[in-house]
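Colleague: Submitted below is the structure of interest, expressed as structure tokens.
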Amino acid sequence: MSEIGMSTSCFYPLETEKSLEKCCVLGFKTVEMFMNAYSELDEPFISIYKRLVGEYSLRLVSIHTTASLADGYNYFSDYYRRFEESVEVFKKYIDLANILDSKYIVMHGMKKTMRASDEVYFERFAILTELAKKNGVSLLQENVVNYRSESPEYIERMRQYIGGDFGITLDIKQCRRAGRSPYEFIEKHHDIIRHIHISDYNDKHDCITPLNGDFDFEKLFVEMKKYSYEGDYIIELYKHSYSDDNEIRKAGNELDIILKGAE
């Protein structure tokens, strides 16, 4: 059953483990942990995450890669040796996901401006997807503005190359920034949407707290229910997107009511 959760990125640049605890204190039981340093993939941080998961009965559903801006450089450039080194880092994400019982690893992928070919990108992403699958985790491609994944047409090309194990994270604000409707992605790719990042917008700001803007969340929930979506809806904001932590908690409570009504 789908749940309303939140991302630790809402508190960036607060350190990841402190952000995770704040999510817990706010009462969220479903969380995505956005990593911000490679050291956070190792001890002593792992013990902190495990303690919080146990103490708060937390469902840490997903882990977002730390090098979002450098994913292309690390994993998808023409320099294969760098990719081989980066795979060793990727294995740490897999290990952490298994330790914390997380289902997904979320990745931004490659910027449009990079010179590597689409074939290189697809091949490398397929390798990472298979590696994650063999270890009981799913790698998800997120749609991100100014990245190759920003359009449903490009996602179609990726899924055709990678095949049945390919899955995506749908991000509402990234759709808006790219000038695309989330329903374009839903219509074409509802069967591979595993995870959804949610936020709201108005005529002045493209990322604000849900239910404070113009986005129709009930419509989204009803549409995804139609396609038997069982993933979660993760509130993902920036520190400047809200005025008070409790604003996020209030939105979570109200969204939960709307979500249950849609079911």
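Colleague: At 18 angstrom or more along the helix axis (alpha-carbon based) and mean Kyte-Doolittle of -1.0 or higher, what helices does the chain contain? Whole DSSP H runs only.
Modeller: 80-99, 118-134, 245-262
Colleague: Could you calculate the contour length gain from Lys219 to Glu153, that is, 0.36 nm times the residue separation minus the distance between their Cα atoms, to one decimal place in nm?
Modeller: 21.5 nm
Colleague: Each residue of region 166-176 in turn: what ³J(HN,Hα) in whole Hz from Karplus with 6.51, -1.76, 1.60 and θ = phi - 60°, glycine and Pro shown as x?
Modeller: 6, x, 10, 9, 9, 10, 5, 5, 5, 4, 4
Colleague: So for region 1-131, averaging the separation of alpha carbon pairs under 8 Å that are six or more residues apart and normalising by length, what relative contact order in percent results?
Modeller: RCO, region 1-131: 22 percent.
Colleague: Counting helices only, and only those DSSP H runs with n ≥ 4, report the 222 nm mean residue ellipticity of the chain as the sum of -39,500 (n - 2.57) divided by its residues, in deg cm²/dmol to the nearest 500.
Modeller: Helices in the chain give a 222 nm mean residue ellipticity of -13500 deg cm²/dmol.
Colleague: Choose one answer from Tyr38, Tyr147, Tyr49: the residue with the largest mean-square fluctuation in a GNM of the chain with alpha-carbon springs under 10 Å.
Modeller: Result: Tyr38 has the largest fluctuation of those listed.
Colleague: Please tell me the relative contact order of the chain in percent, rounded to the nearest whole number, where contacts are Cα pairs under 8 Å and at least six residues apart.
Modeller: For the chain, the relative contact order is 19 percent.
Colleague: Take the Cβ-Cβ distance between Glu123 and Ala37 as r, set R0 to 22 Å, and report the resulting FRET efficiency rounded to the nearest 0.05.
Modeller: The formula returns an efficiency of 0.20 here.
Colleague: Filter the cross-link list Lys50/Lys103; Lys134/Lys188; Lys112/Lys188; Lys112/Lys133; Lys103/Lys134 down to pairs whose alpha-carbon distance in this structure exceeds 23 Å.
Modeller: Lys134/Lys188; Lys112/Lys133
Colleague: OK, next. Expressed as a whole number of Å, what is the distance separating the alpha-carbon centroids of region 66-128 and region 237-263?
Modeller: After rounding, the separation between the Cα centres reads 31 Å.
Colleague: Please check: in the Gaussian network model of the chain (C-alpha springs, under 10 Å), which one of Tyr93, Tyr75, Tyr242 has the largest mean-square fluctuation.
Modeller: Greatest mean-square fluctuation among the candidates belongs to Tyr242.
Colleague: Please build a GNM for the chain, connecting alpha carbons under 10 Å apart, and tell me which residue among Met114, Met224, Met158 fluctuates the most.
Modeller: Its mean-square fluctuation being the largest, the pick is Met114.
Colleague: Still on this model: So how far apart, in nm, are the two label points at Asn253 and Ile99 if each is 7 Å from Cα heading toward Cβ?
Modeller: Reported label-point gap for Asn253 and Ile99 is 3.5 nm.
Read-outs throughout are calculated quantities, based only on the coordinates presented, and are distinct from any laboratory measurement. Model, not experiment: these values are computed from the prediction. When we count neighbours, we look across all protein chains shown, and the Cβ atoms used for this are built from the backbone with ideal geometry, even at glycine.
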